[in-house]
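Let me begin by presenting the structure, written as structure tokens, before commenting on it.
The values are calculated or read from the model by the stated rules, or taken from the named source; none is laboratory data. Treat the numbers as computed from the prediction; the structure is a model and nothing was measured. Because the Cβ atoms are built from the backbone with ideal geometry, glycine has one as well, and the counts that use them run over all protein chains shown.
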Amino acid sequence: MSSGSQSPQGSDPADSRDQFSRVAEAYRTSTTHSDPVSLARFIDLADLKPNHRVLDIATGAGHVAVAAAPMVKEVVALDITAVMLDQARQLAASRESRNISFVLADAEALPFTSESFDRVLVRSAPHHFRNLIPALAEAYRVLVPGGAFAISDCSPPPVVRDWLEVVEAGRDRSHFRSRALEEWRALLQSMGFTVEQAERIEQEKDILEWFDRSGVTPRDRRRLLDYYETAPAAVAGQLTPQWREGRFYHRYWYALIRARRPLHPLG
């Protein structure tokens, strides 16, 4: 994953490399990241074509790159964490995906020429980016005019977002900031993108599995579960937390956004 700006528990690139080096294999086997329904929805959003050259930023364990590979000419899978790229290579090899190359680099400084990709994809990663605006500028730069940028990331409603940030940063020190859908739209438009689609998807999340995947210690798990008991009524009403058969669940949200670099600069 890549870099992320103002998190309670840090979030520079070293945090991302350390966090994901420790739990890389868990992300390759994660049912959340490999979920075929959410992957298919994201790939559909990207509107891929057989002649496309695709960049998957912060590829992690490679789930998006591998899902996109059969549909396009070439996929470049990029990540800031070498151990994560090793997991992505293993996944690609297991699926016999031969049109994927792997690049170790930061989203804020893409090592590619301008206007060299038809699609740029990023899923479940921008909340780690310490400096989002340079990363968005780089995505814009490497897209061909008319090319599309597909984004999916955690995006709770504003009433929940600030309260839930304590949980996000407590389970993963590389987390920087979740962004509301409205914030995403404004940021992308300010960078020159045309936002074609933006929606917030709601799902139920298994919180204990979420903690396990991030390597949360038993002490921190107890602290975070106790924090849920302090949720204001407005927050609890949105989350609807509940225990079922020894598991803890609540509502969770992520954004699905497709933005396009215009054929001609706006204005």
**Asked** What residue, of ALA186, ALA180, is at negative phi and modelled with pLDDT of 95 or more?
**Response** ALA186
**Message:** Among the residues that make up region 1-21, is at least one of them of a type in the set (A, V, I, L, M, F, W, C), surrounded by fewer than 17 Cβ atoms within 10 Å (Cβ to Cβ), at pLDDT 85 or above and assigned to a helix (DSSP H, G or I)?
**Reply:** no
**Request:** Examine region 52-64 for a residue that is closer than 21 Å to LEU188 by Cα, of a type in the set (D, E, K, R) and surrounded by 24 or more Cβ atoms within 10 Å (Cβ to Cβ), and state whether such a residue exists.
**Result:** yes
**Asked** GLY170 versus (1) assigned to a helix (DSSP H, G or I); (2) in contact with a Lys or Arg (Cβ under 8 Å, 6 or more places away or on another chain); (3) farther than 29 Å from THR230 by Cβ: which is the lone unmet condition?
**Response** (3)
**Asked** With respect to SER116, is the statement that it is closer than 22 Å to ALA259 by Cβ, touching a Cys at 6+ places or on another chain (Cβ under 9 Å) and either in contact (Cβ under 8 Å) with a residue 12 or more places away in the chain or surrounded by fewer than 23 Cβ atoms within 10 Å (Cβ to Cβ) (or both) true?
**Response** no
**Prompt:** Is it true that some residue in region 86-97 is in contact (Cβ under 8 Å) with a residue 40 or more places away in the chain, crowded, with 19+ Cβ neighbours inside 10 Å and closer than 18 Å to VAL144 by Cβ?
**Reply:** no
**Asked** ALA234 fails exactly one of the following numbered conditions: (1) aliphatic (A, V, I, L, M); (2) in a strand (DSSP E or B); (3) more than 28 Å from VAL122 (Cα to Cα). What is the number of that condition?
**Response** (2)
